[in-house]
Amino acid sequence: EEIIKEGILLKMSQQKKKISPKNYKERLFILTSQALSYYEHEKGKKKAKKGVVLAERISCVEIVEPEENAPVQREFPFQIAYDDCILYLFANDEPSRKDWLEALMHVIKGNAKLSAKYHKGFWVDGKFLCCGQTMKNAPGCIQWHK
Ligand code: 4IP
């Protein structure tokens, strides 16, 4: 499978379980036309696979409003919404975030069910900072200009 984009990004734990910790891990991300996969790495060298998001399941890719007083490594967040999950990733700078969003858009543009709306804010402590909804899969609150 041809690699469209590859690079190291910080990710927030997806907190799929109620008791999941909220933490941040640096992972090597690899995007193909089929999927976004992430791996542990050692100085950029690919190690164990930690997860995968299938391209066809993705409904939205957009920036997120950074948290207040975000540490430098979390100033450029973006989100990948799929199934009932949101994967939050953090680029090093604005150009890198823009590149990732463009590459992801390219891969998902043909998807049948891209969302009309999304959430500008993070989902933290059981609710969205933007709209206060408490379900992680709550419909987006503002228009997504794809
Ligand atoms: C883990 O924390 C890692 O952050 C996982 O990320 C994450 O899985 C887990 O979230 C979280 O519990 P510990 O390493 O402290 O156990 P990674 O897979 O990149 O190592 P995700 O789903 O974010 O990949 P849960 O909710 O999936 O358990």
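The values are calculated or read from the model by the stated rules, or taken from the named source; none is laboratory data. If you're wondering where the values come from, they're calculated on a predicted model, not measured in any experiment. Every residue, glycine as well, gets a Cβ built from its backbone with ideal geometry; the counts of neighbours run over all protein chains shown. The protein model used for the area step is the full one, side chains on, heavy atoms only, and it has no ligands, DNA or RNA in it. Shrake-Rupley method; radii C 1.70, N 1.55, O 1.52, S 1.80 Å.
Assorted remarks:
- Inter-residue pairs, beta-carbon under 7 Å, first closer than 22 Å to E6 by Cα and in the stretch 107-118, second open to solvent by less than 30 Å² (accessible area, probe 1.4 Å) and outside any loop (DSSP other than H, G, I, E, B), 6+ apart: V107/L31; V107/A55; I108/A55; I108/I58; I108/V61; N111/I58
- Against the conditions (1) open to solvent by less than 60 Å² (accessible area, probe 1.4 Å); (2) more than 14 Å from the ligand (Cβ to nearest atom); (3) over 19 Å from E1 (Cβ atoms); (4) touching a residue at least 60 places away in the same chain (Cβ under 8 Å), F78 satisfies every one except (4).
- For I86: the one exception among (1) within 16 Å of the ligand (Cβ to nearest atom); (2) surrounded by fewer than 16 Cβ atoms within 10 Å (Cβ to Cβ): (2)
- For the stretch 17-42, a tally of residues being of a type in the set (K, R) and part of a loop (DSSP other than H, G, I, E, B) returns 3.
- Each residue in the stretch 1-24 was checked for being without any contact (Cβ under 8 Å) to a residue 24 or more places away in the chain and surrounded by fewer than 15 Cβ atoms within 10 Å (Cβ to Cβ), and 7 pass.
- Qualifying position, being under 24 Å from Q15 (Cα atoms) and open to solvent by less than 20 Å² (accessible area, probe 1.4 Å), among W123, W100: W100
- Any hit, the stretch 80-102, residues being of a type in the set (D, E, K, R), closer than 20 Å to S59 by Cβ and assigned to a loop (DSSP other than H, G, I, E, B): yes
- The stretch 1-42 - residue that is more than 8 Å from the ligand (Cβ to nearest atom) and modelled with pLDDT under 95 and, of those, nearest to V107 (Cα to Cα): E1
- Residue in the stretch 43-61 that is part of a loop (DSSP other than H, G, I, E, B), open to solvent by 30 Å² or more (accessible area, probe 1.4 Å), touching a residue at least 12 places away in the same chain (Cβ under 8 Å) and under 28 Å from I142 (Cα atoms) present: no
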